[in-house]
1. Looking at segment B:337-374 only, could you name the residues that are outside any helix (DSSP H, G or I) and at negative phi?
2. Just name the residue that is nearest to B:G206 (Cα to Cα) out of those in segment B:347-380 that are among the polar types (S, T, N, Q) and open to solvent by less than 10 Å² (accessible area, probe 1.4 Å).
3. Quick check on this structure: which one of B:G7, B:G51 is without any contact (Cβ under 8 Å) to a residue 60 or more places away in the chain and more than 13 Å from every other protein chain (Cβ to nearest Cβ)?
4. Would you mind finding the one in B:I213, B:I197, B:I224 that is surrounded by fewer than 24 Cβ atoms within 10 Å (Cβ to Cβ) and in contact with a Leu (Cβ under 7 Å, 6 or more places away or on another chain)?
5. Exactly one of these conditions fails for A:P52: (1) within 13 Å of chain B (Cβ to nearest Cβ); (2) open to solvent by 10 Å² or more (accessible area, probe 1.4 Å); (3) assigned to a loop (DSSP other than H, G, I, E, B). Give me its number.
6. I'd like to verify a number: residues in segment A:88-114 that are without any contact (Cβ under 8 Å) to a residue 60 or more places away in the chain and open to solvent by 20 Å² or more (accessible area, probe 1.4 Å), how many?
7. For segment B:78-176, please list each of the helices (runs of 4 or more DSSP H) lying entirely inside it that holds at least 3 residues being at pLDDT below 95.
8. Just to check your reading of the model, which residue among A:V232, A:V200 is in contact (Cβ under 8 Å) with a residue 40 or more places away in the chain and touching a helix residue (DSSP H, G or I) at 6+ places or on another chain (Cβ under 8 Å)?
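The values are calculated or read from the model by the stated rules, or taken from the named source; none is laboratory data. These numbers come from a predicted model, not from an experiment. Cβ placement follows ideal geometry from the backbone for every residue including glycine, while neighbour counts extend to all protein chains displayed. The protein model used for the area step is the full one, side chains on, heavy atoms only, and it has no ligands, DNA or RNA in it. Shrake-Rupley method; radii C 1.70, N 1.55, O 1.52, S 1.80 Å.
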Amino acid sequence: MRIAEKFAELEKKKEKVLITYVCAGDPSAEATKDIVHALVKGGADIVELGLPFSDPVADGPTIQAAATRALAAGMTPDIYFEMAASIKEDVPLVCMTYYNLIYKRGTEKFAKDCAESGITGIIVPDLPAEESDELHDACKKNGVDLIFLITPVTTESRMKNTLEKTSGFVYIVSRLGVTGERVDVADSTKKILGRIHTDVPKAVGFGISNQKQASEVIKAGADAVIVGSAFVSIIASGDNVNERVEKLASELKEGCKE
Amino acid sequence: MKRSMYGKFGGQFVPEVLMPALTELEEAYDKYKEDPEFLAELDYYMKEFAGRETPLYFAKNLSKKYGIKIYLKREDLVHGGAHKLNNTLGQALLAKYMGKERLIAETGAGQHGTATAMAAANMGFISEVYMGAKDVERQHMNVYRMELMGSRVNAVESGSKTLKDAINEALRDWVTNVENTHYLIGSVVGPHPYPMIVRDFQSVIGKEVKEQIMEKEGRYPDSIVACAGGGSNAMGIFHPFIEDKEVKLFPVEAGGKEMKTTEKEALHSSSLCAGEEGILQGAHTMILQDKYGQILESSSVSAGLDYSGVGPELAYLADIGRVTPCNVNDDEALEAFYELSRLEGIIPALESSHAVAYVMKMAKTGELGDLVVISLSGRGDKDLETVFKLKEEEEAKEGKEASL
């Protein structure tokens, strides 16, 4: 399913979009499939499937640890695409990974493998717009959205260029830093949303972990919230994972409806 | 060609949040590198604080034994015991002119961390150094040195717990504190403009060699040999000679235990000799990776060469054939460590020992010519414990064999 279809579907229902992140293969490929099912059952509208990289510079300790566990458990790009193809949930899947894994596979082949396994978007945290021409072309050719990030320190001129390139949605980082759970999100979100003028849906991520925060971000004007580390923490605990993941997803989704 | 590129190598593959900081740094560098006040102040620090210029020493005993004229560029005599201070003084001064209050750095052997701590203490910065936990253990005197000078040393427990992981962690710090912090990268690696800035500050090595060798020999050397992990002392001594095509340039990588790769790790650190193209820590360069693009852990007896990547400009120069990458293994480096100590009364760093080892190995082949300059990038005091342990292990092994 394409990302734009999902946003259109929910707009009709007057709901905002919940995007959730999990690291594929943590703790195993099979477990990830169950977790994705629980996420969607709870209310996730889009699922980002992290493809783990050995050196994830944009991630905080929680997601770093997840990537380490997934790699130790044997996750590879080949297994990743097989697993993605076997997920039959009615939501768009988005691949989040670092550029070297894409470069090594070949940008063209990577985009094609995404399209063929039902992944309709790619997020690459270490690929700024300036370096993205090759992947951008490959994505366009294969009907996959390439999603870029905007941060509080992105300058006006770079923002214009980045917004022209992003499709599906634009990933807005509301504060400086790496991924991870944080406390205050409302002010920083308002501030950055005020600067971004685009027709592409605006998804806010980094530091959102509960219903209250999700609701604050939506009230501040976001079209979607992205939640990652909070789910990864539950998965890391190994305790009653599917049930707790589903519950958190449903609470967050409530925050997107308020 | 984009300014950030060396042929197809280089670039800025970094999180979006760092892009403005890289632009700011590039603009500041462009401005101050021509600024007479900045240059005069840098010159003052280089002379009065670092102790430049360093001698180009004729190693008479080594030359006699190996049958060619061998000069040592004595970067081991720079304050702190390695060439690293050339770069940290330059970047710290730049950060001061940019109004930053805090310096962060990664370090492998601890040499760059120490040089950062020195510059930070002297110029009044708050400083934090990231160092792989494995390196903290094998170089704990350097940790103490940094702490003495007021730096906070953070042991990095992620990944292989060496230099590459320290860089990752420093990048994460920078992503979070980019507004008041300058990330003082210690080698010619990372995203543009770092490879260019570090090369320029280190080029003082090659510029001095040019004048000194003309004075002593009336001609340029046939070869220049320098060890290369990230490649900062190599680029520093090579760069002024790039256009002098008659001078052969040899970056010597760490061959480690052997030139082999298992599924999870390389038994060496030779990205130029045995790596493949890829993207690591902000740059398109030569890296050690598996078939999927996961970065392999590297290995070397010397912490300062133990790195899975190499500077993009060095990758480019190797690609076009201007430099000739080569490597020596741990044992050869150790032998050179002993040889130079005994013959010349100079204890080289294990990193620099790789360059010495290559000259010892190749002197008789004629490939290096008759006149060679070795970049003696650091002194070996920091390595005494490592070498001592290896010697004990070796003796224990021999004792066992003898008693069988």
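1. At the first step, the residues of segment B:337-374 found to be outside any helix (DSSP H, G or I) are B:345-349, B:366-374.
The answer is B:I346, B:I347, B:P348, B:A349, B:E367, B:L368, B:D370, B:L371, B:V372, B:V373, B:I374.
2. Here the residue is B:S375.
3. The unique qualifying residue is B:G51.
4. One residue alone meets the criteria, B:I213.
5. So the condition that A:P52 fails would be (2).
6. Count: 10.
7. Answer list for segment B:78-176: B:133-138, B:140-148.
8. A:V232
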